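Report on the following structure.
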Amino acid sequence: MRDPRIQTLAHNLINYSVKLKKGEKVLIENFGLQTEFVEALVEEAYQAGGYPFVSLKEPKIDRALLLGASEEQYQQVAHFEANVMKEMDAYIGLRAGNNINELSDVPADKMKINGATVGKMHTDIRVKKTKWVVLRYPSSSMAQLSGMSTRGFEDFYFQVCNLDYSKMSHAMDALVELMNQTYQVRLVGPGTDLRFSIQDIPAIKCAGELNIPDGEVYTAPVRDSINGTLSYNTPSPYQGFVFENVSFTFKDGQIVEATANDTERINRVLDTDAGARFIGEFAIGVNPFIHEPMQDILFDEKIEGSFHFTPGQCYDDAYNGNHSSIHWDLVNIQRPEYGGGEIYFDDRLIRKDGRFVIPELACLNPENLL
């Protein structure tokens with residue numbers, strides 16, 4: 001008998017996240033073969049009057065394909081997938097798997113080919129032209145990374161993913177309004193003193209319509225306005241390697257110095273293309289159920305009391321002119337147990353040690369979102 005929480009999540013994805021209407025086509029793309037949940041999504045799509053299409057993929061097979069990849073081949077792969085995506089009104093990307101490091105031994109030049117072809121197709125078509133949502137699905141690997149039992153992690157997962165996102169959406173309105181009125185942001189914390197402008201770049205709330213779990217408000221810095229230093233305090237898996245102790249120095253928007261537990265490797269990532277050393281996103285995380293990093297960015301970027309500052313491609317709805325084949329969300333947690341920190345808008349302290357300290361934003365503190 002199916003866990004009723006699975007059906008609730010499938011219902012929410014179809015009806016709240018992508019708002020599938022009668023006659024609309026939805027592509028359900030599953031990495032990791034979680035067939036029970038895909039089955040529930042198909043049922044909910046039919047119930048809404050839509051037409052579900054399913055693509056089943058496996059990370060081990062992706063690895064095998066990437067190891068022999070050529071640019072010519074992956075241009076054809078991107079062309080094939082683009083022809084499918086162009087026909088869709090909605091997209092649900094379900095990511096699962098038992099090894100986050102499945103691609104760790106794929107050479108960087110092969111990963112670059114994938115990003116410049118299939119990755120670019122997703123940016124150009126899926127992100128810009130469909131109603132889409134991306135989510136992870138619980139596994140024993142995710143439970144291990146979070147330091148929880150498998151059953152305990154499943155309970156946590158469904159609590160987070162079936163949160164009342166409509167309530168969160170309403171609470172985010174005050175932060176969106178304030179960010180849209182702000183000229184300069186300052187971030188302060190251990191190893192961090194950074195200034196940049198967000199003037200005239202829209203703030204966008206994320207409350208269960210693009211990612212599950214969700215809980216962030218994002219914008220982008222004016223591309224050449226960033227100056228200072230920023231140290232991240234959460235591990236970040238990227239291209240099959242877990243980066244730690246990442247620190248950037250910025251001058252006029254560009255990352256001019258980058259260090260990490262593998263400094264050579266992180267600089268190779270930042271040399272992917274001309275836009276990789278500039279920032280495409282600044283976001284504030286507010287999910288009241290997510291407290292600790294678990295090396296999964298869809299969770300980590302929503303951590304209560306966090307922000308992320310993202311090298312690479314910007315979003316069209318918070319456009320700062322930066323283009324890149326990468327978009328790498330790196331997270332800093334500012335709660336006291338992680339060293340604390342402050343966020344200032346136009347020299348006004350708005351958040352200290354992970355808690356909002358001005359009355360109009362108190363609705364986003366965790367006790368008011370539960």
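Tabulated results
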read-out: Residues within the stretch 243-263 that are more than 22 Å from G305 (Cα to Cα) and not in a loop (DSSP other than H, G, I, E, B), tallied; value: 10
read-out: The lone exception for F307 - which of (1) buried (at least 22 other Cβ atoms within 10 Å of the Cβ); (2) in a helix (DSSP H, G or I) it fails; value: (2)
read-out: Test: residue in the stretch 331-338 that is hydrophobic (A, V, I, L, M, F, W, C) and touching a Leu at 6+ places or on another chain (Cβ under 9 Å); value: no
read-out: Verdict on L94 being under 18 Å from M121 (Cα atoms), touching a residue at least 60 places away in the same chain (Cβ under 8 Å) and either open to solvent by less than 20 Å² (accessible area, probe 1.4 Å) or in a helix (DSSP H, G or I) (or both); value: yes
read-out: Subset of the stretch 1-57 [on the phi > 0 side of the Ramachandran plot, open to solvent by less than 70 Å² (accessible area, probe 1.4 Å) and modelled with pLDDT under 95]; value: G32
read-out: The stretch 34-47 residues that are in contact (Cβ under 8 Å) with a residue 40 or more places away in the chain, paired with ones that are in a helix (DSSP H, G or I) and open to solvent by less than 80 Å² (accessible area, probe 1.4 Å) (beta carbon under 6 Å, 6 or more apart); value: F37/I6; L41/A10
read-out: Candidates Y165, Y183, filtered to the one that is hydroxyl-bearing (S, T, Y) and open to solvent by 70 Å² or more (accessible area, probe 1.4 Å); value: Y183
read-out: Near pairs, Cβ below 7 angstrom, 6+ apart or cross-chain, from the stretch 258-287 (in contact (Cβ under 8 Å) with a residue 12 or more places away in the chain and within 18 Å of S236 (Cβ to Cβ)) to any residue that is part of a helix (DSSP H, G or I) and among the polar types (S, T, N, Q); value: A258/N267
read-out: Selection from the stretch 195-219 of residues that are without any contact (Cβ under 8 Å) to a residue 60 or more places away in the chain, open to solvent by less than 20 Å² (accessible area, probe 1.4 Å) and more than 30 Å from Y157 (Cα to Cα); value: S197
read-out: Residue in the stretch 311-318 that is among the small types (G, A, S) and not in a loop (DSSP other than H, G, I, E, B) present; value: yes
read-out: Pair list, Cβ < 6 Å and 6+ apart or interchain, from the stretch 101-113 residues that are over 25 Å from H79 (Cα atoms) and in contact (Cβ under 8 Å) with a residue 60 or more places away in the chain to residues that are among the polar types (S, T, N, Q) and open to solvent by less than 60 Å² (accessible area, probe 1.4 Å); value: none
read-out: Search result, residues across the stretch 336-370 that are farther than 22 Å from Q184 by Cα and outside any helix (DSSP H, G or I); value: G339, N365, L369, L370
read-out: So L56, is it in contact (Cβ under 8 Å) with a residue 12 or more places away in the chain, assigned to a strand (DSSP E or B), of a type outside the set (D, E, K, R) and more than 22 Å from P213 (Cβ to Cβ); value: yes
read-out: Which numbered condition Q76 misses (of (1) part of a helix (DSSP H, G or I); (2) under 24 Å from P213 (Cβ atoms)); value: (2)
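Here is a yes/no grid of residues against (1) in contact with a helix residue (DSSP H, G or I) (Cβ under 6 Å, 6 or more places away or on another chain); (2) open to solvent by 10 Å² or more (accessible area, probe 1.4 Å); (3) within 30 Å of M168 (Cα to Cα); (4) assigned to a strand (DSSP E or B):
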| site | (1), (2), (3), (4) |
| --- | --- |
| P221 | no, no, yes, no |
| G228 | no, yes, no, yes |
| R265 | no, yes, no, no |
| I284 | no, no, yes, yes |
| F289 | yes, yes, yes, no |
| P293 | yes, yes, yes, no |
| L298 | no, yes, yes, no |
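The values are calculated or read from the model by the stated rules, or taken from the named source; none is laboratory data. Remember, predicted model here, so these are calculated numbers, not experimental data. Cβ atoms come from the backbone with ideal geometry, glycine included; neighbour counts cover every protein chain shown. Side chains included, ligands, DNA and RNA excluded: accessible areas come from the protein's heavy atoms. Shrake-Rupley method; radii C 1.70, N 1.55, O 1.52, S 1.80 Å.
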